[in-house]
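In what follows, a structure is listed as C-alpha cells, so that the remarks can point back to it.
Throughout, read-outs are computed from the coordinates displayed, never taken from laboratory work. Model, not experiment: these values are computed from the prediction. Cβ coordinates were reconstructed from backbone atoms using ideal geometry, including for glycine residues, and neighbour counts include every protein chain displayed.
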Amino acid sequence: MTAGMTAELWPYLILVLVGFLPNEVWRWLGVVFSRGLDETSETLVWVRAVATAILTGVVAKIIVFAPGALGGVPLWIRLGATAIGLAAFLLMRQSVFAGVVAGTLAVMAGDIFLAR
Amino acid sequence: MTDNERGSGGSAALAGYLAGCRAGATSVFQIVLIGTYISIGALAHDLGFSALWVVLSTLIVWAAPAQVILMTAIGAGAAPLEVAVAVSLSGVRLLPMVVALLPMLRTRGSRWPGVLLAAHFTAVSMWMEALRLAPRRPPEQRIAFANGIGSMLIGSATIACFVGFYFARVLPEPLVAGLLFLTPMSFLVSVTRASKMISDRVAAAAGLVLSPLLVWLGVGLDLMWTGLVGGTGAYLIHRWRRARR
C-alpha cells in the first residue's frame, strides 16, 4: 500500500521538485534583491540581458522543435506565421494583441489551407 | 470593534483587491491566457498527465514556457535534474521582473505574505498590467491591487487548462496547434516591446538564433549557453557603446 501511494504521489513530487522550486526560486530571489537593488544597476542590466536571451531562446525552441499538435504544422508555416505576427505587431503601433492574433490565425490558416 | 482595530489598512487592502479583480477580469491578456492554457491542458492530456496534475502545475508554476518545457521534457523521458535545469533557466526572467515591480507596489506597512503572493503571481501578463495600472492606485492599496489582478488571471488560466484537458480529444488539431502557438508568439512580441535598451534588443535577437543552432549542433544545456553567451555578449555591446560616447 505504501508503495502504491508513493507511485501515485510521485508525479506530484516531481512537479514540486523539478517544476515549482526551480522556477519559483527566481521570484524569491527577486523579493530579496528588490530591497536595495537599483533597477538601473549594471548587475541587473546583465541579468536582464541573460534572461531575455534565454526567453527568446525558449521561444525559438518551441517554434522550431514544436510540441504536440503544433509539431504537426510544417516548419515553414510556423516560421512564416511568426514573421506575420511580428509584422502585425510593428504595423499596429507595437500592439501585443495584434501581433498575437495575426500570428496565431496565420498558423491555423496555414495548417488548414496549405498543409493538408 | 475588531473592524475598528484593524483600521484603514484592512479596508484599503480590500478596496485595492477588488479593484485589482476588476482590472484583471477585463484585461486583454485574458484572451491570450485562456487560449494558451486550453492548449496546455490539451498538451497535458496528450502526454498522459492527469487533470489534477496540470491544474496544480498552473497554480504553483504559473509560467507558460516553464510548464510547456516541464511537460514535454518529462514526456520525452528526460532525467529529473535535466528537466529542473531547463525549467529553471526559462524562469530567470522572473528575477528582474520582480525587482522592477515590487518597489513600486510595496510600502513600509506591507506584510510579507501579500508581498510573496505578488511575487508568485508575477508573470508577463500580471506584470504588464500591474506596471501599467498600479501607479494610479494609492500606495497602501497596490500590493492588494496586484494580487487582485493575479487572482483573476490565474483563475481563468486554471479553468481554461481544465477545459482544455477534457476537450483535448474533440478539439480540432489546427485549433490546438494555433493555441499552442500563443505562448511563443505572445512572449516574442512582449519581449520586443519591453526591450528598450540596446542590450535587451541584441540579447533577444541572439537568443532566437543561438538556441535552435545549439540544439541542432547537439550541445547540451543549450538554454544556459544561449543565455550566458547571448546575454553577456549583448551586455558587452551595451558597455562598449556607452564607453564610445
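Rounded to the nearest whole Hz, the Karplus-based 3J(HN,Hα) values (6.51 cos²θ - 1.76 cosθ + 1.60, θ = phi - 60°) of region B:169-176 follow the sequence 6, 9, 6, x, 4, x, 5, 4, with x at glycine and proline. Expressed per residue, the C-alpha convex hull volume of region B:195-245 stands at 57 Å³. Computed on chain B, with alpha-carbon pairs under 8 angstrom and 6+ residues apart, the relative contact order is 31 percent.
Helical runs (DSSP H, four residues minimum) scored at -39500 (n - 2.57) apiece and divided by the length of chain A put the mean residue ellipticity at 222 nm at -23000 deg cm²/dmol.
Of the trypsin sites (Lys or Arg not before Pro) found in region A:14-115, those in coil by DSSP whose Cβ has at most 12 other Cβ atoms within 10 Å are A:R35, A:R93.
Summed over all non-identical Cα pairs, the Kirkwood treatment of chain A gives a radius of 17.9 Å. Computed from label points 7 Å out along Cα-Cβ, the spacing between A:A87 and B:R244 is 3.1 nm. Calculated [222 nm] ellipticity per residue, helices only, for chain B: -25500 deg cm²/dmol; basis is -39500 (n - 2.57) per DSSP H run with n ≥ 4, divided by all residues, nearest 500. Tell me, what is the FRET efficiency for B:S11 and A:Q94 to the nearest 0.05, using R0 = 35 angstrom and their Cβ-Cβ distance as r? The calculated FRET efficiency here is 0.35.
As a size descriptor, the averaged projected area of the C-alpha convex hull of the protein assembly as shown was calculated at 21.1 nm². For region A:46-103 versus region B:180-245, the inter-centroid distance based on Cα atoms is 13 Å. Across region B:134-245, what fraction of all alpha-carbon pairs, as a whole percent, falls in each successive 5 Å bin from zero upward? Bin by bin from 0 Å, the calculated values are 2, 9, 11, 12, 13, 13, 17, 13, 7, 3, 1, 0.
Its Cα gyration tensor gives region B:61-105 an equivalent ellipsoid, and the semi-axes of that ellipsoid, as √(5λ) in whole Å with the largest first, are 27, 10, 6.
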